[in-house]
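See structure below.
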Amino acid sequence: MNRIFIFIALSIGISGGLLGLLFGFLVSLGIDQIPFRTASLPTVKTYPVNYDLAYYGIGLTFSLITTFMAGLFPANKASKIDPVVIIRGK
């Protein structure tokens, strides 16, 4: 029974993590187009944005870990309750 809860949590984590990374990438592309002029950095023309894949990996790993934990704790608690009690609503 725990596997079902964890599988659902991880599928939500993967899909939500990938959508979040895509949204963050698109927002970064928009920020990268904003003009940025300063006397101390004459070669920088737009806001500097780092597109390093390591940050995207960290984001995906964080989303998987948090959704795994969010699925694990309720699954452990639910596994200790008798299903008949849940169905009867007591």
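Computed values, structure above
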quantity: The chain: most fluctuating residue of I12, I34, I65 per GNM, C-alpha cutoff 10 Å; calculated: I34
quantity: Inter-probe distance in nm under a simple model that places probes 7 Å from Cα toward Cβ, at D82 and R3; calculated: 2.6 nm
quantity: Label-to-label distance, nm, for residues given as T46 and V27 (7 Å Cα→Cβ offset); calculated: 1.7 nm
quantity: Protection proxy ranking, peptides 80-88, 24-32, average beta carbon neighbours within 10 Å, highest first; calculated: 24-32, 80-88
quantity: Amide N of region 1-31 lying under 14 Å from the label point, which is placed 7 angstrom from the Cα of Y55 along Cα→Cβ; calculated: 21-31
quantity: Net charge of neighbours whose Cβ lies under 14 Å from the Cβ of G24, counting Lys and Arg as +1 and Asp and Glu as -1; calculated: -2
quantity: Cα gyration tensor shape of the chain, rounded if a/c is under 1.5, else prolate or oblate by comparing a/b with b/c; calculated: prolate
quantity: Calculated from backbone phi, Karplus (6.51, -1.76, 1.60) coupling profile of region 27-44 in Hz, x at Gly/Pro; calculated: 5, 4, 4, x, 5, 5, 8, 6, x, 9, 10, 8, 6, 6, 10, x, 8, 8
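We did not get these values from a lab; they are worked out from the coordinates using the rules stated. What you see is a predicted model, and the numbers here were worked out from it, not measured in a lab. So basically every Cβ, Gly included, is an ideal-geometry build from the backbone, and we count neighbours across all protein chains shown.
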